[in-house]
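The values are calculated or read from the model by the stated rules, or taken from the named source; none is laboratory data. Fair warning: this is a prediction, and the values are worked out from it, not measured in the lab. Ideal geometry is used to build each Cβ from the backbone, glycine not excepted, and the neighbour counts take in all protein chains shown. Keep in mind that these areas ignore ligands, DNA and RNA; they rest on the heavy atoms of the full protein, side chains included. Shrake-Rupley method; radii C 1.70, N 1.55, O 1.52, S 1.80 Å.
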Amino acid sequence: MASITIDNVVKQFANQTVLQNLSLHVPDGAFYTLLGPSGCGKTTLLRCIAGFNEPDGGRILFDKDDVTRVSTHHRDIGMVFQDYALFPDKTAFDNVAYGLRARKVPKAEIARRVNEALDKVSLLALADRYPAQMSGGQRQRVALARALVIRPRVLLMDEPLSNLDAKMRLQMRDVILDLVREAGITTVFVTHDQEEALAMSDRIAIMDRGSIAQLGTPEELYGTPVNAYVADFIGSANVIPVPAESAGGAASHVRYQLCGQQLDGKQGGAALGAQGILIARPEALSLMAPAPHVPNAIAGEVLRRQYLGFKTAYRIRLHDQSEIRVELHAGNMVADFQAGDAVQVLVPADSRVVAA
Ligand SMILES: Nc1ncnc2c1ncn2[C@@H]1O[C@H](COP(=O)(O)OP(=O)(O)OP(=O)(O)O)[C@@H](O)[C@H]1O
Ligand SMILES: [Mg+2]
């Protein structure tokens, strides 16, 4: 096992800079996820770590070893691809044995380790099957066994679950986590499924056009996104431009204008006296019937109510014609409202105003 240090890596294709001075440290044994929209550079970064792409600048270290110019097969990595990349003409056993044979491991040890790896992914009974005779989930588990059987220093996975159906994806999350935790292996996982990232990761790096927009635990990214891009990418959020000004007192407070009213919020990096961005999760907001002098409340009208079982979602039109989304969860819903009702939206004073 090893930590991974990505130090100021630059990667260009033709005249396009795909990775821009990107730095990231993955501690030994940690499970990190790269999350971001199509084309932001996730696969390119993973391929740089694997040695399939050579960076145009910067360094990549495994522990203290600079592997930037080391070839892929001397890096000791396990890799799982989106399309599994199994050898179609080899059985499950031979697919898993491949890396051990290439390393000239003795025959008896190969048999023992391959059987152990297939057993871990519950495929011992299918050892003699060819990829075409297996389901997508089974093939994915062969790919996982093949990556882990060589006991790599780091495990790299590029959207390994995206070709599976919803139920199998959930099962495979647990299979992967159990295996990598048991082996204590440092893992970089790529997905563009935010729920998968939240559920599986120690830390998530949200990527935006070749850079890391924010690195944090799932709780940090959801609770304190640094900007509208991150807020919008992880979960859904009301992202509203608001003029921000000092609230006096603590520096952590900020006052902002919404719909011509003064509200109190939490300072999340907004420049005072300028435009900021209010980030308000729909479930952090609540609704009440109109009443005078309620602090941090703004008046509006219910445009649409959608009942979704565990929650009810409302679209509220404010007086300046902008819309805001509110979600009330079944467990703590004190009052319900219908389309056309006049309401007040309560915006909690810990809602953050970030830099525009
Ligand atoms: N070999 C290559 N030659 C030229 N351009 C490339 C090459 N590989 C990737 N790119 C470009 O680099 C950018 C990033 O691609 P990359 O595959 O890293 O994105 P990604 O984040 O993995 O996207 P996806 O979610 O669609 O897999 C894209 O604009 C892509 O077209
Ligand atoms: Mg990709």
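Things to note:
- Charge tally around residue 3: other residues with Cβ under 15 Å, Lys/Arg +1 each, Asp/Glu -1 each, net -2.
- Less than 5 angstrom separates the built amide H of residue 33 from those of 189, 203, 204, 205, all sequence-distant by 5 or more or on a different chain.
- Three-way shape call for the stretch 236-355 based on the alpha-carbon gyration tensor, with the a/c threshold at 1.5: prolate
- Pairwise FRET efficiency - residue 56 versus residue 166, Cβ, R0 = 41 Å, nearest 0.05: 0.55
- Cβ crowding within 10 Å averaged over residues, with 66-76, 170-180, 150-160 ranked highest first: 150-160, 170-180, 66-76
- Separation in nanometres of the label points that stand 7 Å from Cα toward Cβ, at residue 69 and residue 336: 7.0
- The modelled label-to-label distance between residue 310 and residue 291, using points 7 Å beyond Cα along the C-beta direction, is 3.0 nm.
- Dividing the helix sum by the residues of the chain, where each DSSP H run of 4 or more adds -39500 (n - 2.57), gives a mean residue ellipticity at 222 nm of -7000 deg cm²/dmol.
- Prolate/oblate/rounded label for the chain (Cα gyration tensor, a/c 1.5): prolate
- Extreme residue, positive dipole direction of the chain, given options 210, 125, 8 (C-beta unit charges): 125
- Computed from phi, the 3J(HN,Hα) profile of the stretch 227-232 under the Karplus parametrisation 6.51, -1.76, 1.60 (θ = phi - 60°) reads 8, 5, 4, 5, 4, 6 Hz, with x in place of Gly and Pro.
- Charge sum, other residues only, whose C-beta stays under 11 Å from residue 75's C-beta, Lys/Arg counted +1 and Asp/Glu -1: 0
- Amide H contacts under 5 Å for residue 68: 60, restricted to partners 5 or more places along the chain or on a different chain, H placed in the peptide plane at 1.01 Å from N.
- Calculated FRET value between residue 261 and residue 199, using beta carbons and R₀ = 30 Å, to 0.05: 0.20
- For the chain, share of DSSP beta bridges that run antiparallel, in % to the nearest 5: 75
- Largest GNM mean-square fluctuation across 64, 42, 11, computed for the chain with C-alpha springs under 10 Å, falls on 64.
- Partner lysines for residue 64 [C-alpha distance under 30 Å; skip if fewer than 8 residues away on the same chain]: 11, 42, 104
- Here residue 90 is the anchor, and the aspartates and glutamates within straight C-alpha reach of less than 17 Å, apart from those fewer than 8 places off in the same chain, are 128.
- Peptides 306-314, 337-345 ordered by average Cβ neighbours within 10 Å, highest first: 337-345, 306-314
- Against the chain, whose longest principal axis comes from its Cα atoms, helix 107-120 is set at around 30 degrees.
- Relative contact order (%) - criterion: Cα under 8 Å, at least six apart; region: the chain: 15
- Distance between modelled label sites at residue 271 and residue 253, nm, 7 Å Cα→Cβ extension: 2.5
- Mean Cα-pair separation over length for the stretch 236-355, i.e. relative contact order, pairs under 8 Å, 6 or more apart, %: 32
- Summed side-chain charge close to residue 25 - residues other than residue 25 whose Cβ falls under 13 Å, Lys, Arg +1, Asp, Glu -1: -1
- Per residue accessible area of the chain, 1.4 Å probe, in Å²: 46
- In the chain, the portion of solvent-accessible area held by carbon and sulfur atoms comes to 50 percent [1.4 Å probe, whole percent, DNA, RNA and ligands not counted].
- Calculated FRET value between residue 25 and residue 119, using beta carbons and R₀ = 35 Å, to 0.05: 0.55
- Of the residues 270, 111, 125, the one that moves most in a GNM of the chain with alpha-carbon contacts below 10 Å is 125.
- The string of couplings for the stretch 343-351 from the Karplus curve (6.51, -1.76, 1.60, θ = phi - 60°) is 9, 10, 9, 8, 9, x, 6, 9, 5 Hz, one whole number per residue in order, with x for Gly and Pro.
- Whole-Hz couplings from phi, Karplus 6.51/-1.76/1.60, listed for the stretch 22-33; x for Gly and Pro: 8, 10, 7, 10, 10, x, 3, x, 7, 10, 10, 10
- Over the stretch 1-117, relative contact order from alpha-carbon pairs under 8 Å, at least 6 apart, %: 22
- The stretch 290-356-the stretch 75-152 distance, computed between alpha-carbon centres (Å): 53
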